[in-house]
Amino acid sequence: NNNPSAGKYYKLTNDIDAKGRDKLLNGSFYEYGFAGKLDGNNKKIYNLSGVFCTYLNEGGEIKNLTIVPDDHVSLTFNEGLFVSYNNGTLTNCSIEGNELYISVIPGSFEDDTVSNFGTLVGTNGHKGVIDRCSVKPVVHVIHVGLRVNAMSYDVDPVTKVRCGGIVGTSYFNSQIKD
């Protein structure tokens, strides 16, 4: 297996202050997605202003973790705060806070493409599992008007965005439990 995270196990031992960070679990995992096991150990990540994990690959697992995001979060095309594309398993993960203001900027190079935004997960893939996860803050989507295409940036008042409190879109065979 070429995935550098496959078969690796990680466990948080302290809370993390991610102030000023818009991505955390990417780095060398970006090309392949994260396929390891991360036990959040009931710890919290504070002040994250973007996506925690871009791609949770098959076999990857994130569990027992809470994100208390920055008050204003920016997400772009097909993102979620915990995971943008989930083909692994999220268990007992939550987003906490009172109110959350999210700027969503949908965009694509094809006019018929739909952006999927979910507070927890952008897209739950065919093998994605979301189990006992929650979103507690009141979520306000404050901007969905900028679309990106191959020729220019333009404001489109009728955007093609799927928004969800837990997940933006969920593929056939994916699971959302409890």
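Every number in this text was worked out from the coordinates using simple rules, so none of it is lab data. As the structure is a computational prediction, the values presented were derived from the model and not from experiment. All Cβ positions, even for glycine, are placed from backbone atoms using ideal geometry, and neighbour counts span all protein chains on display.
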*Grab the beta carbon distance between T13 and S134, set R0 = 35 Å, and tell me the FRET efficiency rounded to 0.05.*
0.90
*Near the amide H of V73, under 5 Å away, which other amide H atoms are found, from residues 5 or more places off or on another chain, if H is placed in the peptide plane?*
Y101, I102, S103
